[in-house]
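Below is one structure, written out as structure tokens; comments come after it.
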Amino acid sequence: MSRFILKRCWQAFIAALGALTLLFFVQRLTGDPTLLLVPEGATAEDIAMLRASLGFDQPLLVQYLRYLKDLGTFNLGMSYVQGVPVWDILLSRIPYTLQLTAGAMLLSLGLGLPIGVLMALQRGTLPERFFQAVVFTGQSMPTFFSGILMILLFAVHLRWLPASGSDSGASLVMPSIALGLLTLATFARVARTAVLDELGKDYVRTARAKGVPLGRIVWRHLARNSAIPVITVAALEISHLLAGAVIVETLFAWPGLGQVAVQAIEARDFPIVQAVVLFGAVASVGCNLIADLLYGVVDPRIRHTGGAQ
Amino acid sequence: MNASVPGVLEQEIRPLPRFGARFRAGAAAVPGSLWVFIAILAGFALMALCAPLVAPRDPTAQNLLARMKAPGSVIRGVSYLLGSDELGRDVLSRIIYGARASMSVAVLAVCLSGVIGTAAGLLAAYCRGWVEAAVMRLVDMMLSIPALLFAVITVAVLGPGFINVVLVLGLTRWTRYARVVYGQALSLMPQPYVRYARFVGAPGLSIMGRHLLPNVFGQIVVVATLEFGSMVLFEAGLSFLGLGVQPPTPSWGAMMNVGRHYLDTAWWIAGFPGFCLFLLVLSVNIIGDYLRDRMDPRLR
């Protein structure tokens, strides 16, 4: 078991390192990142000074090693506009994004999984076709359009919920739904396929032949056996949610990482943009690692052989 | 050919029906409700292609006397079927031209990423060894960065604009093709015809192009269809954040970004482009899903 965990941690570390390296080179795409950092209208002298002070005149390899060292010591640099460490800004905004992501995840798991199971059990009936339509709608609805529709209905016309801000728990409702809709559709599809796959197997037929009630079969047998694809998708979806948060937070003025990233792009405050994307990459690698470790918990066969699915 | 078992072989090596006949047979199998979505997609494509002919007015022409007029208003003999925006521009004309921005970015990005991903997948499956390792590790790395965030930071570095958005989406979204093509091509490698081609010394390019590619092409089309929907959404998302096609060129995402500030007084500025976006993506997803089910032998 510990070998399995160690191996997965090592793989996740390599993936994270790769993602960070990729990001480093993306930022060097234009050759000189100093130009991204200076305010418009800076003199050539200012630019040269900043370039030297940030070490961008050094060879690429030296820059890369310094970048890794800074990351290793959690030194993300200073914000150029606000003049405070980027790490502090990041820490103050992370809780908001986590709340939003958790809200969206809760909604999509809580509704998506039952819908998917129901679709599989009621195959070919009217309820299935209804949910199919719901899933297609969720899948094709851009977050900013569902957000705008909800603002129109619940904030402008009915005045039930606040259109923006983060003053109360009610503010979290619409952003979570907007962000979670696509994920809900994905979960429903995955759960449907996973349950359909399992329904055809012998142990289910045996259980049904013995007269085990359907609810018990779903709960005791299908849930665990259908869990692996759901866990895989859940880990992937967290990275989608983090990216989707950029748009949802902008729309609802939710003070999370996404909003701070968009504001930073407008203000040309590049260290913050970089930090947010780094956070997203590390978080999604982390979630995939957790999913890998959960496979071992759910399915003892994986734990013992240590093999990949 | 072995003449001693004529029946078996003759049955198996039936010549394919002519393309026209195959097309008619395929079209007849398409369920009626799907034609609705095919028509919607074709409508949007036509709108994008013939924008100057279809659009009632110049999408950038401002009329400050006709600001934020409701859909159906007629101001001095000019009718605004879908209303006007905060600068008095015709929303319908802007939506028609916006379809052009959306679809051209999506088509070009799908082509670019499709070519890159297919080439990478074929190379990885054919060459194996370090090429395979390098390609598949790169795919893993790119997948571990949330796609929209990756696009956002790259566009922020390169600067917004039509070409850059196409480049960024094309260069970041090839991973899905690479995975699908790699998996398929790998399963084809032990096939007799591929082994025979290698045995007689056919060059690698010819094996990849003439033997592997035609057999994975169907899968590529399915991925491309579904990716087209994602690309439309990505373009709209980037435009919504101000990183896409730049004004004055109209784009749906940018229209929604402006319109969201006027939701209580002029919902149509954001509402109609949003609905078009939804309709387009829904049609593409439904068509893509149908194609995928048709391609999947388990579901047939």
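The values are calculated or read from the model by the stated rules, or taken from the named source; none is laboratory data. No experiment lies behind these values; they were computed from the predicted model shown. In this analysis, Cβ positions are derived from the backbone assuming ideal geometry, glycine residues included, and neighbour counts consider all displayed protein chains. Accessible surface is based on the protein model in full, side chains and every heavy atom, while ligands, DNA and RNA are left aside. Shrake-Rupley method; radii C 1.70, N 1.55, O 1.52, S 1.80 Å.
Yes or no: region A:187-209 includes at least one residue that is in contact with a Phe, Trp or Tyr (Cβ under 9 Å, 6 or more places away or on another chain), assigned to a helix (DSSP H, G or I), open to solvent by less than 50 Å² (accessible area, probe 1.4 Å) and within 17 Å of A:Thr101 (Cα to Cα). The answer is no, given that none of the residues of region A:187-209 is in contact with a Phe, Trp or Tyr (Cβ under 9 Å, 6 or more places away or on another chain), assigned to a helix (DSSP H, G or I), open to solvent by less than 50 Å² (accessible area, probe 1.4 Å) and within 17 Å of A:Thr101 (Cα to Cα).
Scanning region A:254-286 for residues that are in contact with an Asp or Glu (Cβ under 9 Å, 6 or more places away or on another chain), of a type outside the set (Gly, Ala, Ser) and facing chain B (nearest Cβ under 10 Å) turns up A:Leu257, A:Val262, A:Arg268.
Checking the stated criteria, B:Val157 turns out to be farther than 26 Å from A:Gln11 by Cβ, part of a helix (DSSP H, G or I) and within 14 Å of chain A (Cβ to nearest Cβ). Residues that are within 27 Å of B:Tyr126 (Cβ to Cβ), in contact with a Phe, Trp or Tyr (Cβ under 9 Å, 6 or more places away or on another chain), of a type in the set (A, V, I, L, M) and assigned to a helix (DSSP H, G or I) do occur in region B:200-207, at least one of them. Looking across region B:160-194, the residues that are assigned to a helix (DSSP H, G or I), open to solvent by less than 60 Å² (accessible area, probe 1.4 Å) and either within 13 Å of another protein chain (Cβ to nearest Cβ) or of a type in the set (Gly, Ala, Ser) (or both) come down to B:Asn164, B:Val168, B:Gly170, B:Thr172, B:Thr175, B:Ala178, B:Gly183, B:Ala185.
Entry remark, region A:210-225: residues being open to solvent by 40 Å² or more (accessible area, probe 1.4 Å) and not small (Gly, Ala, Ser) number 9 in total.
Applying the criterion of being free of Cβ contacts under 8 Å to residues at least 60 places away in the same chain and open to solvent by 50 Å² or more (accessible area, probe 1.4 Å) to the residues of region B:262-283, the residue that is nearest to B:Leu41 (Cα to Cα) is B:Phe275.
Can we say A:Met105 is modelled with pLDDT under 85 and either of a type outside the set (D, E, K, R) or over 20 Å from the mean Cα position of the chain (by Cα) (or both)? For A:Met105, the condition - modelled with pLDDT under 85 and either of a type outside the set (D, E, K, R) or over 20 Å from the mean Cα position of the chain (by Cα) (or both) - is not met. Based on what the data block shows, is B:Val258 within 14 Å of another protein chain (Cβ to nearest Cβ), under 26 Å from A:Leu182 (Cβ atoms) and touching a residue at least 24 places away in the same chain (Cβ under 8 Å)? Considered against the rule, which asks whether it is within 14 Å of another protein chain (Cβ to nearest Cβ), under 26 Å from A:Leu182 (Cβ atoms) and touching a residue at least 24 places away in the same chain (Cβ under 8 Å), B:Val258 comes out as yes. Looking at (1) within 14 Å of chain B (Cβ to nearest Cβ); (2) within 27 Å of the chain's Cα centre (by Cα); (3) of a type outside the set (Gly, Ala, Ser), which is the only condition A:Val156 fails? Every condition holds for A:Val156 apart from (2).
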